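Written below as structure tokens is the structure these notes are about.
Read-outs: derived from the displayed coordinates by stated rules, not from any lab. In this text the structure is predicted, and so the values were computed from the model without any measurement. Reconstructed Cβ throughout: ideal geometry from the backbone, glycine too, with neighbour counts over all protein chains shown.
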Amino acid sequence: MSTSRSFPPGFVWGTAAAAYQIEGAVAEGGRAPSIWDTFSHTAGKIDGGDNGDIACDHFHRWPTDLDLIAELGIAAYRFSVSWSRVMPDGRTVNAEGVEFYDRLVDGLLERGIQPLMTLYHWDLPQALEDEGGWLNRDIADRFTDYALTMGKVVGDRTPAVTTLNEPWCSAYLGYATGEHAPGLTDPSKSYPVAHHLNLAHGRAVTALRGVMPAETEFSVTLNLHQLEPASLSEADAEATRHADAVANRIFLDPMLRGRYPDELIDGTSHLTDWSFVHDGDEAEIAAPIDFLGVNYYAPARISADGEYLWPGTYRAFGAPIPGPKTIMNWPIRPSGLTDLLVRVHEEYGVPMMVTENGCAAPDLVGADGIVHDDDRIAYLDGHLHAVLDAMDSGADVRGYYVWTFMDNFEWAWGYAKRFGIVHVDYDTLVRTPKDSARWYQSVVANNALPSR
Ligand code: FCB
């Protein structure tokens, strides 16, 4: 008979969300547009023509949202700060914007919830985009000023800070495929963008250490890709190595080893001019972090001649993976998370937090008014077992944040795809916990997974 599996004492149980996906109130409190306001209001960019103007109206409803997180017993909340609320023109501090997050952090602490503050979850102030955005090297200093502003205001009460969320998406979906803001389709621009994101991260960590308490933990969140070759051929193995350099090691290596992968900078990559990397940049990027945030949803299969060009590569293609998929068409493979965490542990030896994991599901509201999302429960259960498997193999994983607390604006998919453990009725904005929320509540309360 199988027994329940426990997590170690002190394991952090959280849930995550991001400003543009939930806040709404885009023209209130002195906020100015971000690149996601511009992008979502551009015809044809978002499914159903949706935008984040109202989203979940969390800007007004945050006290009851935090009440619900507390009621579910969730111990930690990963939120992101809207840069364009705090600095509408990218430079000048807007007191009302800062106060919103000041109150939010106090509200979390009053309810016994530990804050994990993400500084950049993709919503660059449009004013900075107009100056070249992440292509302009000055962005590293703009980001550092913004980070310092937040660090000085909430730093005394915020035990953990994440600089960037998924810079891969900013660099490749924003500049190569155009699926995300600012919607450019010039892959060669992805590399300087990735570098400036890395530089902003390292510079901000160093600056924040100077103004925040010594025990503050600093991190960055990467959506690392668990890549596998489509066949045993050398060509597919080589394509997979190339995709790994472009998707994973372009961030991991400078951040954790102080040096870009040779393949990227020695001219064998299709972008041979890396002059945007200045002397000393790699050392700045390698500012020590306390843990790495890992977001994982699905593995990917790579071939030398597959279906579509893998973003940012020139000889690696995505190939289909057979087997079960979520309604995003993302393959469901919990063991991919184990493999990923073990790999990062073995190659980089860094403590980790799973800062996002979850799934979109059909989420039909039952006759009783509740979403009975057994599919999501199975997904979460499988992936939490995968986290324990990785820990059994030696990976130092300190916590898990389910993506996401409530249904919200899912970027290019708009409101059509629901990832929440709490259902949101977009007509009334009423929040109702799904079965998965109750399931997670009991996992958190027991610090253990139920027997299978
Ligand atoms: C991640 C994003 C998050 C959410 C999930 C589904 O890439 O960080 O905001 O959209 O995917």
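Taking the Cα centre of the chain as origin, sum charge times position over the Cβ atoms of Lys and Arg (+1) and Asp and Glu (-1), and report the length of that vector in debye to the nearest 20.
On the way: 33 positive and 64 negative charges, 130 e Å.
Computed about the Cα centre, the dipole is about 620 debye.
When all C-alpha to C-alpha distances in the stretch 96-210 are sorted into bins of 10 Å, what percent of pairs does each bin hold, rounded to whole numbers?
14, 43, 29, 13, 1
Could you derive backbone 3J(HN,Hα) for the stretch 326-331 from the dihedral phi with the Karplus parameters 6.51, -1.76 and 1.60 (θ = phi - 60°), listing whole Hz in sequence and x where the residue is Gly or Pro?
My calculation for the stretch 326-331 gives 7, 6, 7, 6, 8, x Hz in order.
Kindly provide the helix-only [θ] at 222 nm of the chain, computed as the sum of -39,500 (n - 2.57) over DSSP H runs of four or more divided by all residues, to the nearest 500 deg cm²/dmol?
-10500 deg cm²/dmol
Once the Cβ-Cβ distance between H41 and K152 is put in as r, and R0 is 22 Å, what FRET efficiency do you end up with, to the nearest 0.05?
About 0.10, to the nearest 0.05.
Show which lysines lie in cross-link reach of K45 when reach means a straight Cα distance below 24 angstrom and same-chain residues fewer than eight apart are skipped.
Straight-line reach from K45, under 24 Å: K189, K417.
With a Förster radius of 41 Å, plug the Cβ-Cβ distance of E96 and T3 into 1/(1 + (r/R0)^6) and report the FRET value to the nearest 0.05. Write out the running numbers ahead of the final one.
Working: r = 52 Å, r/R0 = 1.27.
E(calc), rounded to 0.05, equals 0.20.
Kindly write out, for the stretch 45-61 in residue order, the coupling ³J(HN,Hα) from the Karplus curve 6.51 cos²θ - 1.76 cosθ + 1.60 (θ = phi - 60°), rounded to whole Hz, with x marking Gly and Pro.
With coefficients 6.51, -1.76 and 1.60, one gets 8, 10, 3, x, x, 6, 8, x, 4, 10, 6, 9, 6, 4, 4, 9, 9 Hz.
Compare the Cα positions of G399, Y314, P9 along the charge dipole of the stretch 5-446 (+1 at Cβ of Lys, Arg; -1 at Cβ of Asp, Glu; about the Cα centre) and return the one farthest towards the positive end.
Value computed over the given set: P9.
Output the Cα-based Rg and Dmax of the stretch 5-446 in Å, rounding Rg to one decimal and Dmax to a whole number.
Final numbers for Rg and Dmax: 20.4, 63 Å.
Can you list residues from other chains, or at least 5 along the same chain, whose modelled amide H is less than 5 Å from the amide H of V397?
Hits under the 5 Å cutoff: M352.
So, R0 is 22 Å and r is the distance between the beta-carbons of Y314 and S233; what FRET efficiency does that work out to, to 0.05?
My answer for the efficiency is 0.75.
Summing Lys, Arg as +1 and Asp, Glu as -1, what charge do residues with Cβ under 15 Å from the Cβ of W168 carry, W168 excluded?
Local charge sum for W168: -3.
Compute the Cα gyration tensor for the stretch 56-158, then decide on rounded, prolate or oblate, letting a ≥ b ≥ c be the square roots of its eigenvalues: rounded whenever a/c is under 1.5, prolate when a/b is larger than b/c in the other cases, and oblate in all that remain.
It comes out prolate by the Cα gyration axes.
³J(HN,Hα) across the stretch 116-130 via Karplus (A = 6.51, B = -1.76, C = 1.60, θ = phi - 60°), whole Hz, x for Gly/Pro?
In residue order, the calculated couplings are 10, 8, 9, 7, 9, 10, 5, 9, 4, x, 4, 4, 6, 4, 5 Hz.
What is the spin-label model distance, in nm, from A367 to E347 if the labels are put 7 Å beyond Cα along the C-beta direction?
5.3 nm
How long is the gain from R257 to R209 if the chain were fully straight, where each residue apart is worth 0.36 nm and the alpha carbon distance is subtracted?
Length gained between R257 and R209: 15.3 nm.
Over what distance in Å are the Cα centres of the stretch 171-191 and the stretch 375-452 separated?
So the separation of the two Cα centres works out to 29 Å.
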